[in-house]
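Please read the structure below before turning to the comments.
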Amino acid sequence: MTEREYNAAEGVRRSDLWRIGESPERYKWFLDHPEPETPALVFGAAAHKLILEPDGFDEEYIVAPNVDRRTKAGKEEWERFTARVEGKQIITTDDYLTICDMADKIKTVPYAAKLLKGEHEIAFFWTDADTGEKCKVKLDCLTDVDGKLTVVDYKTAASAKTEVFNSKIFILGYHLQAFMYTEAIMQETGATERPDFIFIVQEKKAPYSVNLIRVTDDVMTAGMDVFREYIGILHQCKETGYWYGYTGPFGEPNEAFLPGWMSLGEEE
């Protein structure tokens, strides 16, 4: 399944469902008004493609030439280049060379290379039994590690340090991702044991350090709790047609509270 086909398929994905935590109003707004891709997102997607599906990279991406478009020669070369883009995503030469170096580095990390030997870019679809809401996920990699089915997710990051990325898991909703991805496999295959979930995290600057972070049971449970809360809110909003904002479903005022640093000061 191509990315375009997956995007068009029915079902809520993790990145969309995570917005429910901001507010249903913002979820609905971003659903109806998709944001343009940022350079960081383009870089991350290109890295995914080159590392996970290198044979298909040239079908989706094209590397821009380093030309000075202020000059006549530069303008002419750029026009020749844009004439053959044909709907592909443009990336800079510098980004391409960086991604190539990152791909080479991954190969030097034995366990990471082992994890990526599975099946790549697999889409799963299921219907949540409690709400009837359709859900979808697309796995970076599904593999077998020492007899245990394992979901592998590749992330680029400014820092791959364990403590730094661990905080990002909860800030960016990666615990929700881990639950949804493993739940999708269980729902579609009928498996009774939840697969393992491991992040391959790689820094975007030399020496492109790599870290491997396994999702523990308590983190997975936290992801399940978020899923149950957010999918319930999504279902309620669809049923009522009321996509409420920060004041909540009943429109009552929120209460001000002392920030933590003031509370600590009072206790002293």
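See the values below:
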quantity	calculated
Meets criteria (more than 18 Å from the chain's Cα centre (by Cα), of a type in the set (Val, Ile, Thr) and closer than 14 Å to PHE57 by Cα) for ILE91	yes
Selected residue (criterion: surrounded by the fewest Cβ atoms within 10 Å (Cβ to Cβ)) from residues of the range 144-179 that are hydroxyl-bearing (Ser, Thr, Tyr) and under 21 Å from LEU17 (Cβ atoms)	SER167
Selection count, the range 187-216, where residues are at pLDDT 95 or above, of a type in the set (A, V, I, L, M) and over 13 Å from the mean Cα position of the chain (by Cα)	6
Search result, residues across the range 99-110 that are in contact (Cβ under 8 Å) with a residue 60 or more places away in the chain, over 20 Å from the mean Cα position of the chain (by Cα) and not in a loop (DSSP other than H, G, I, E, B)	ASP101, LYS105
Residue in the range 55-78 that is modelled with pLDDT of 90 or more and in contact with a Leu (Cβ under 7 Å, 6 or more places away or on another chain) present	yes
Residue list for the range 1-57, restricted to those being within 21 Å of HIS120 (Cα to Cα), of a type in the set (Gly, Ala, Ser) and part of a helix (DSSP H, G or I)	ALA8, SER15, GLY44, ALA45, ALA46, ALA47, GLY56
Selected residue [over 18 Å from the mean Cα position of the chain (by Cα), loosely packed, with under 12 Cβ neighbours inside 10 Å, of a type in the set (Gly, Ala, Ser) and assigned by TED's automatic domain parsing to the domain that holds ILE200] from GLY118, GLY132	GLY132
Search result, residues across the range 77-98 that are part of a helix (DSSP H, G or I) and either over 15 Å from PRO207 (Cβ atoms) or in contact (Cβ under 8 Å) with a residue 24 or more places away in the chain (or both)	GLU77, TRP78, GLU79, ARG80, PHE81, THR82, THR93, ASP94, ASP95, TYR96, THR98
PHE124 vs. criteria within 23 Å of PHE43 (Cα to Cα), among the aromatic types (Phe, Trp, Tyr) and either in contact (Cβ under 8 Å) with a residue 40 or more places away in the chain or buried (at least 16 other Cβ atoms within 10 Å of the Cβ) (or both)	no
Identity of the residue in the range 182-208, free of Cβ contacts under 8 Å to residues at least 60 places away in the same chain and small (Gly, Ala, Ser), that ends up nearest to THR108 (Cα to Cα)	ALA191
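A quick yes/no check of all residues on (1) assigned to a strand (DSSP E or B); (2) touching a strand residue (DSSP E or B) at 6+ places or on another chain (Cβ under 8 Å); (3) within 21 Å of CYS141 (Cα to Cα):
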position	(1), (2), (3)
ASN166	no, yes, yes
ALA178	no, yes, yes
ALA184	no, yes, yes
PHE197	yes, yes, yes
ILE213	yes, yes, yes
PRO249	no, no, no
PRO253	no, no, no
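Residues are listed down the side, and each one gets a yes or a no for (1) in contact (Cβ under 8 Å) with a residue 40 or more places away in the chain; (2) outside the structural domain of ILE90 (by TED's automatic domain parsing); (3) touching a strand residue (DSSP E or B) at 6+ places or on another chain (Cβ under 6 Å); (4) surrounded by 14 or more Cβ atoms within 10 Å (Cβ to Cβ):
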{"residue": "ARG19", "(1), (2), (3), (4)": "no, yes, no, yes"}
{"residue": "GLU22", "(1), (2), (3), (4)": "no, yes, no, no"}
{"residue": "GLU25", "(1), (2), (3), (4)": "yes, yes, no, yes"}
{"residue": "LEU50", "(1), (2), (3), (4)": "yes, no, no, yes"}
{"residue": "GLU59", "(1), (2), (3), (4)": "no, no, no, no"}
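The values are calculated or read from the model by the stated rules, or taken from the named source; none is laboratory data. Here the structure is a predicted model, which means the values were calculated and not measured. We place every Cβ from the backbone using ideal geometry, glycine too, and count neighbours over all the protein chains shown.
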